[in-house]
Amino acid sequence: MTKKILIGLAFSPNLKANLYEAIRTANVFDASLYAVHVGIKDATKADNLKALLANGPKLKTPLQTIWKEGNPVTVILETCVKINANLLMLGALQKENIYKYYVGSIARKLTRKAPCSVLLLIKPSVERVPCNHIVVNGLEDKKTAETMAYAFYTASNFGCKRVTIVEEISQSELEVKVNDNETLREANIKKERIEKRENLRVENILKDINTKDIIVKKQSIFGRRGYSIGHYAKVKRADLLVMNAPTKTSALDRLFPHDLEYILSELPTDVLIVK
Amino acid sequence: MANKNNFKNFVGELPKNIFSGFVVSLIALPLGLGLALASGAPPISGIVAAIVGGVVVAIAGGSQVTITGPGNGLVVVILGAITTLGAGDMQQGFLYTLAAIIISGIVMIILGFLRLGALGDFFPASAIQGMLAAIGIGIFAKQFHVMLGNTEAEGSIIELLLQIPSGIADFIATDDLGLLWAGCIGIISLTIMISYSKIRNKYFQLIPAPMWIVMICIGLYYYFDMISPSDYPIDKRLLINLPNNVLSNFPFPDFGKVSNLDFISAVIAITLIASIESLLSIKAVDKLDPLKRRSNVNKDIRALGLATVISGFLGGLNVVTVIARSSVNVNNNGSNRSANFFHASFLVLFILLFASELSKIPLPALAAILVYTGYKLAAPENVKKVFKIGKEQLIIFLVTLLTTIATSLITGIIMGIIVTFVTHVILSKDLLLFITNLFRPNVLMFKEGETFYVSVKNFSSFLNYTRLKGKLDQIPESKDAIIDFTLCEFVDHSVMENLNDYAESFRRKGGHFEVIGLDSHNAGSEHPFALRKNFISQVIENRVSTSKTLTKRQKSLHNIAEELSWEYTPEQHIDKVTELPSFGYFKTRKIKEVSNILSNENCELFDVEFHEGELFAKQIIKATMLFISLDKKIPEFTLDKEGFFEYIYHFAGFKDIDIDSHPDFSKRFYLSGKDIYEIKDFFTDELILFFESNPYYHIEANNKGLLIIGRERLAGVKEIKALADYGLRLMPLICEKLQTV
């Protein structure tokens, strides 16, 4: 499925880790890796890159580097379209202290506009860190089936043994407001019913997915859509969070952030947005 | 069938509710009159509020044992409204205020329908304390003068307070006999109020203190009327003025000033105080309910609003839920809303049968009751309590108190909110933490088996408490709940206090409510409600912060240690439990420190903080583990629930070892290690039976001993007990096995 991976490179202290992660990912997917750098190609940068490539993990197919000047967002998006990339990898930035990460404005725009799936790395590592636990959203959406399939595809490629499917159930779906003992009981019965229904729905999607050798867990959480799942991934210290791409983003969505915006503002772990 | 039973129960409980309603009405009568007088309203308006409130809320309310009527919190607001709206004319001011009361009732109904009963949670606890104390001082300042027979005293709260010494001097020096009598009655009444709870005589205690005062006053009147040759010495001016025919002559509200700014601010203030007082009372009364029912707050607010509207049209004051009368109701075995209804019915009886007697009650006697109430609200003990929680709480309290006294209630509470926020920012030294996360959901709840697990991140204070409350309210109190603050950097006093309330109600209803992840948060004082902030960066520098105060969890750990007669060390150490790094689990994880160590000769149960990953990827993780040291060598192995792969990658390459005679064990557990034969030999039938019949733990063995890990997070007290018990039972089995080798 993933045949062409594009990574946006900036010559930052993270370059080495980002590059090595990209190489490993490309190898894992058997994909060819493209690197785009927005800026002029000069000797030092090229040498630097060459040195890194020589010392790092070996790519199965050689890296193709693209140097281009212009607005970073446009250049990367154009390259994406041009090479027909399946996956765009971006390194997230680090905020004042080491506990917080955020996506810079460029990465944020790219995530919204990219025509392909996007993988945001908050903890790129020079050495391989095994991916042990993937959390994927299982919410009711026409894209979910595809996202889940992609998550399991990624899991089997990375050799990840555990996938948790998280169904976020929003409060409004409960319809029962907890006021007293009676309504509390009702709400809990209703919750169980919703959980069962959601599990069944996920079960149906799973029928068509090869989950061999992977431990699948279903977890219902009650909270704000798109946000609670990030919190959950953080609490459970998942290595990768796989999410649906948002259906649409308008100016209004940015004012009243939801789904993706929450995740982008508070990256809990590496995030893969499936398109 | 259930309905029939309910009805039978209801009828069966009627007698005790009638009795309880009667006792409450004995207090409600003098208090209603007094509160109305103190508000500057006709005395009957307080009784009207109690009667309407009792009837309407009993029918439409959502709580069980609360009593409704005029509230003391509103005295200051209503008095202010009457004075400003009337511009000198108290009668006209009262009519305008009635209109304000009606509109505030409508607002409350709307709030109830919008489910904004939670509005009260937005106010910081210490600010509310400060506001209540200010109200108390307000009542005290004005009523003290009335108690001494001086109804003319006027001015702001501060002026009235300053006049108290000269008021006393004037009273002593007075040559007006009537005034002297009135003042003496006031002082005697106050003495009764103060000493009532100290006199432990069951006959004396049969009648509530305010009713004693009423009875003494009426007795005195009849003494002068029938026995003594002289006239009743107290001037008519100082007696309660009740309308001759209480069933007619309802004053009608005047809506003439509806668009006036003063009017609007009066409505806001009345609504604010009425809802805060009611919400606080409902919450407090729920804790008293012997049947442990949960009140439907929003339904109650709607009922109170409706009652207020009706009361306003009949010339009555606001209807709120009142704590003191409700406690009396519970103490006298009131068990459902009918008690509230009967309290209203008895008031109707009193007012119809004894109107002329009641009108002989001197004002100073009622004022004395209010002086006592006011003092209770602002008592120095309250200040002391706040101070114990922390210095910053005292600042919040005092600023709110002083602003409220000097300006108005609304300004006071707004000031309180601002000061609270500013102190939070100063204490956490992180304004961004609050600003960026204010509107973000910060609470996650999911079920871990049967346990509800709630994780709170960023910050948790009065600003976003509703979100936490929304989640916590959905947990049945008979279940187990764990609230994890590991990801949360700042927790304020209001939240801590509320969590404590939850813990209490869970305890009452047989559940278990536990807060974890606060051990590394520094507290400003010893008090369990003190706000706590996380000093991740500072802890590294001055690691041994021994002066830190213990959290509730640490105290419970201490208790467990005593129960098991183990030793307990709360401080953080890096050099304790030195065997840890030798375990495969810690091969890829760097131990930062070990704290909360419970230990005996062989076992050490502790919280360990460690890093996973480096630099960017660095994550700090805290978990609870048990280490058992063994003097003899046992084969290296790891044992896991089948499917829990996160622990075992350091043993990669080793396959699951199947114990031939126990297919079920092999199916459920993942056992791996280097020396298959030794391990197979080690796992005897008893040991396998033990593992099969006990909860799953991750167990790792090496030449030093055993490491037992539950979930990869801090364990709650209950879980720690289970873990310790598990270890204690496992150890003899293994030792026995080692002996035989």
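Annotations for the structure displayed:
- Consider the stretch B:431-446 and keep the residues that are surrounded by fewer than 17 Cβ atoms within 10 Å (Cβ to Cβ) and not in a helix (DSSP H, G or I). The one that is nearest to the other protein chains (Cβ to nearest Cβ) is B:F439.
- On the stretch given as the stretch B:206-230, residues that are surrounded by 13 or more Cβ atoms within 10 Å (Cβ to Cβ) and either under 32 Å from the mean Cα position of the chain (by Cα) or not aromatic (F, W, Y) (or both) total 12.
- Any hit, the stretch A:64-82, residues being modelled with pLDDT under 85, part of a loop (DSSP other than H, G, I, E, B) and within 13 Å of chain B (Cβ to nearest Cβ): no
- Enumeration of residues in the stretch A:118-172 that are in a strand (DSSP E or B) and either of a type in the set (K, R) or open to solvent by 20 Å² or more (accessible area, probe 1.4 Å) (or both): A:R162
- Only listed residue being surrounded by fewer than 23 Cβ atoms within 10 Å (Cβ to Cβ), away from every other protein chain (no Cβ under 14 Å) and of a type in the set (A, V, I, L, M, F, W, C), chosen from B:V495, B:V491, B:V422, B:V454: B:V422
- Pairs, first without any contact (Cβ under 8 Å) to a residue 60 or more places away in the chain in the stretch B:25-41, second of a type outside the set (V, I, T) and part of a helix (DSSP H, G or I), C-beta under 7 Å, six or more apart: B:G40/B:L79; B:G40/B:M90
- Residues of the stretch A:1-17 that are modelled with pLDDT under 85 and within 24 Å of A:S156 (Cβ to Cβ): A:M1, A:T2, A:K3.
- Residue among B:L261, B:L190, B:L180, B:L288 that is closer than 22 Å to B:V322 by Cα, modelled with pLDDT of 80 or more and open to solvent by 20 Å² or more (accessible area, probe 1.4 Å): B:L190
- Here B:V75, B:V52, B:V23, B:V48 are screened, and the one residue that is modelled with pLDDT under 85 and assigned to a helix (DSSP H, G or I) is B:V23.
- Of all residues in the stretch A:240-254 being at pLDDT 85 or above and within 14 Å of chain B (Cβ to nearest Cβ), the one that is surrounded by the fewest Cβ atoms within 10 Å (Cβ to Cβ): A:L240
- When the stretch A:41-66 is limited to residues that are under 12 Å from A:F11 (Cβ atoms) and not small (G, A, S), the one that is surrounded by the most Cβ atoms within 10 Å (Cβ to Cβ) turns out to be A:L49.
- Taking the listed residues B:T400, B:T407, B:T411, the one that is open to solvent by 10 Å² or more (accessible area, probe 1.4 Å), within 30 Å of B:L148 (Cβ to Cβ) and away from chain A (no Cβ under 14 Å) is B:T407, with no other qualifying.
- Note on the stretch B:466-488: residues that are assigned to a helix (DSSP H, G or I) and open to solvent by less than 10 Å² (accessible area, probe 1.4 Å) amount to 2.
- Taken over the stretch A:4-20, the criterion of being farther than 14 Å from A:A85 by Cα and either in contact with a Cys (Cβ under 6 Å, 6 or more places away or on another chain) or open to solvent by less than 30 Å² (accessible area, probe 1.4 Å) (or both) is satisfied by A:L9, A:N14, A:L15, A:A17, A:N18, A:L19, A:Y20.
- Qualifying positions in the stretch B:27-45 - modelled with pLDDT of 85 or more, open to solvent by 10 Å² or more (accessible area, probe 1.4 Å) and among the hydrophobic types (A, V, I, L, M, F, W, C): B:L31, B:L37, B:I44
The values are calculated or read from the model by the stated rules, or taken from the named source; none is laboratory data. As the structure is a computational prediction, the values presented were derived from the model and not from experiment. Cβ: placed from backbone, ideal geometry, glycine included. Neighbour counts: every protein chain shown. Side chains included, ligands, DNA and RNA excluded: accessible areas come from the protein's heavy atoms. Shrake-Rupley method; radii C 1.70, N 1.55, O 1.52, S 1.80 Å.
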